[in-house]
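Okay, structure first, notes after.
FYI, it's all coordinate maths here, none of it is from the lab. The structure presented is a predicted model; accordingly, all values stated were derived computationally and were not measured. FYI the Cβ positions are ideal-geometry reconstructions off the backbone, even for glycines, and counts take in every protein chain you see.
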Amino acid sequence: MEAVHEHDHGHDHPSGIMRWVTTTNHKDIGTMYLWFSFTMFLVGGVMALVIRAELFQPGLQVVEPEFFNQMTTLHGLIMVFGAIMPAFVGFANWQIPMMIGAPDMAFPRMNNWSFWLLPPAAMLLVISMFVPGGSAGVGWTLYAPLTVQQGMGMDLVIFAVHILGMSSIMGSINIITTILNMRAPGMTMMKMPLFVWTWLITAYLLIAAMPVLAGAVTMTLTDRHFGTNFFNAAGGGDPVLFQHIFWFFGHPEVYIIAIPAFGVVSQVLPAFSRKPLFGYASMVYATASIAILSFLVWAHHMYTVGMPVEAQLYYMFATMLIAVPTGVKVFNWVATMWKGSLTFETPMLFAIGFLFLFTLGGFTGLVLSLTPVDVQLHDTYYVVAHFHYVMVAGALFSAFAGVYFWLPKWIGKMYDEKLGKLHFWLSIIFFNVTFFVQHFSGLAGMPRRIPDYALQFADFNMISSIGAFGFGLSQLLFLYILVKAIRSGEKAPEKPWEGADTLEWTHLPTPAPYHSFETPPTVK
Ligand code: CU1
């Protein structure tokens with residue numbers, strides 16, 4: 001029986017499934033992160049479609065209200081922790097060592113463990129639906145006191161969050177150590193590709209934010225089972241305390257997702273503009289400013305809890321301040337394209353789609369930062385529209401841009417450009433059909449996380465549901481494009497994007513063969 005492959009350098013490597021279980025190679029681990037992310041994207045997407053199917057018409061048709069609530073909870077948790085974050089960690093694994101000229105991540109075995117913690121955590125979230133009482137129908141924010149009253153599914157969700165946190169913290173330690181200690185000679189901090197900078201900053205955000213979430217769910221756990229009263233007013237606790245702790249994690253979490261997305265776009269836009277990134281240093285400083293500010297604005301999610309007007313004013317102005325560094329970044333991206341030799345291949349289309357729609361999502365965020373406005377719009381579909389512009393048209397479109405941009409270097413083959421462009425246009429059209437109308441139903445007062453609604457919202461919801469099913473189906477095209485490229489894509493040229501690879505900050509080392517165990521060449 002052939003149990004191992006013979007490599008010319010004489011080492012034995014496990015084959016089959018054991019190769020993936022035991023791998024310490026950053027490319028293998030990056031690949032696993034990306035496939036895991038895509039799988040969770042489909043699982044979370046099906047849950048979104050359950051929600052949209054129920055909301056297609058007023059009244060209750062498809063699922064029980066309890067199950068609907070579980071779907072909104074698990075859709076949020078799975079998309080944030082299972083789909084978006086692992087996608088960008090996958091990019092980090094693939095790109096950071098190659099971009100800074102390191103042979104691998106600093107702690108390759110810990111890297112393996114970081115990844116393999118994810119599947120059991122995802123399993124816990126999914127099987128929580130099947131325990132007695134079902135999963136937690138509490139929303140992804142897990143607000144007390146409702147979480148204290150939930151059944152056993154809530155315990156599985158808490159355990160899943162603990163495991164996800166461990167994975168993120170170990171991944172962050174790995175990324176920080178790799179970037180600070182393993183750069184090739186001459187690769188100074190201010191020469192690093194911006195994607196590397198954004199991940200360095202994000203890793204610090206993760207280390208600061210994830211333990212806070214772990215603390216919040218641990219306190220929930222002890223309130224549930226061990227007689228504490230952290231969030232129980234009858235026992236001297238305060239349910240609003242949970243919201244403070246959760247959003248001290250939750251707002252930085254938004255930037256944990258957005259900042260690596262900024263990094264990807266900052267690689268793609270220069271490449272397809274044939275110009276270096278405009279304002280590199282200001283990009284680094286703006287990103288760091290956003291990261292610091294993200295810890296100072298958490299209670300803008302809590303304007304309706306009855307805080308003093310002074311606090312409302314502080315959180316309003318602090319939140320508006322974030323628009324300044326964000327404006328610097330958007331200005332730099334536009335200035336990068338200005339007078340460039342633009343071409344519009346799929347990665348560039350997704351990056352420009354990101355630029356337009358993320359900016360729109362940022363703008364509605366600015367609207368929501370205004371306390372008197374937010375008091376009206378709190379827990380309406382306006383908020384749902386806002387954060388889906390940031391998360392889907394922002395982070396997800398950036399992730400698509402990254403996959404199309406780097407795929408030729410990862411697998412040595414090209415994807416089908418026509419189908420890639422079709423994927424972009426279907427995605428951007430159906431995305432807007434789904435979510436643009438939610439601004440209107442929100443402004444008209446439709447509450448979120450409710451399976452039924454008043455007749456006046458019927459048209460907006462029907463349009464939104466049609467868009468959601470179109471968007472979901474379009475992502476099957478993405479899967480087809482990937483499989484087709486991997487199985488029968490044309491051999492990628494040395495320089496897949498004409499003219500782009502001559503730029504210092506978009507240059508990657510020669511295409512390393514897929515599944516290669518060899519050390520990538522160092523950057524000059
Ligand atoms: Cu926030």
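What ranking of Phe397, Phe67, Phe249, Phe317 emerges when the number of other C-beta atoms within 10 Å of each C-beta is taken as an exposure proxy, fewest first?
The fewest-first ordering by Cβ neighbours comes to Phe317, Phe67, Phe249, Phe397.
If you plug each phi of the range 141-148 into the Karplus form 6.51 cos²θ - 1.76 cosθ + 1.60 with θ = phi - 60°, what whole-Hz ³J(HN,Hα) values come out, in order, with x for Gly and Pro?
7, 6, 4, 6, x, 4, 4, 6
For a quick check: sort Tyr404, Tyr314 by the number of other beta carbons within 10 angstrom, fewest at the front.
Tyr314, Tyr404
Tell me, what is the percent relative contact order of the range 27-506, built from C-alpha pairs under 8 Å that lie six or more residues apart?
17
Per the Kirkwood treatment, what hydrodynamic radius in Å, one decimal, follows for the range 27-506 from the mean inverse distance over all distinct Cα pairs?
22.9
Please list, in order along the range 478-489, the HN-Hα scalar couplings obtained from phi with the Karplus expression 6.51 cos²θ - 1.76 cosθ + 1.60 (θ = phi - 60°), rounded to whole Hz, x for Gly and Pro.
Result, rounded to whole Hz: 4, 4, 4, 4, 5, 4, 5, 5, 5, 7, 9, x.
Going highest first, how would you order 259-268, 122-131 by mean Cβ packing within 10 Å?
Going from most to least packed, we get 259-268, 122-131.
Full extension from Tyr314 to Trp425: what is 0.36 nm times the residue separation minus their Cα-Cα distance, to one decimal in nm?
35.9 nm
Counting alpha carbon pairs within less than 8 Å and at least 6 residues apart, what relative contact order, in whole percent, applies to the range 167-289?
The normalised contact order for the range 167-289 reaches 31 percent.
Taking amide H positions as placed 1.01 Å from N in the peptide plane, with prolines and chain starts having none, which residues 5 or more places from His13, or on another chain, fall under 5 Å of its amide H?
Excluding prolines and chain starts, which carry no amide H, the hits are His5, His7.
Starting from the amide H of Lys413, placed 1.01 Å from N in the peptide plane, find each other amide H under 5 Å away whose residue is 5 or more places distant or on another chain.
Amide H neighbours of Lys413, under 5 Å, 5+ apart: Ala492.
Report the FRET efficiency, 1/(1 + (r/R0)^6), for Ile292 and Tyr143, where r is their Cβ-Cβ distance and R0 is 41 Å, rounded to 0.05.
Using R0 = 41 Å, I get an efficiency of 0.95.
Counting pairs on different chains as well as pairs 8 or more places apart, how many Lys pairs in the chain have Cα atoms under 13 Å apart?
9
What residues have an amide H closer than 5 Å to that of Thr380, excluding those fewer than 5 places away on the same chain, when H is modeled at 1.01 Å from N in the peptide plane?
Correct list: Arg448.
With +1 assigned to the C-beta of every Lys and Arg and -1 to the C-beta of every Asp and Glu, and no other charges, what is the dipole magnitude of the chain about the Cα centre in debye, to the nearest 20?
That gives the chain a dipole magnitude of about 1000 debye.
Tell me, what ³J(HN,Hα) does each residue in the range 377-385 have, in order and in whole Hz, if you take phi through Karplus 6.51 cos²θ - 1.76 cosθ + 1.60 with θ = phi - 60° and put x for Gly and Pro?
Per residue, the Karplus-derived 3J(HN,Hα) values read 9, 3, 6, 9, 5, 4, 5, 4, 4 Hz.
Going by how many other beta carbons lie within 10 Å of each one, how would you line up His13, His439, fewest first?
His13, His439
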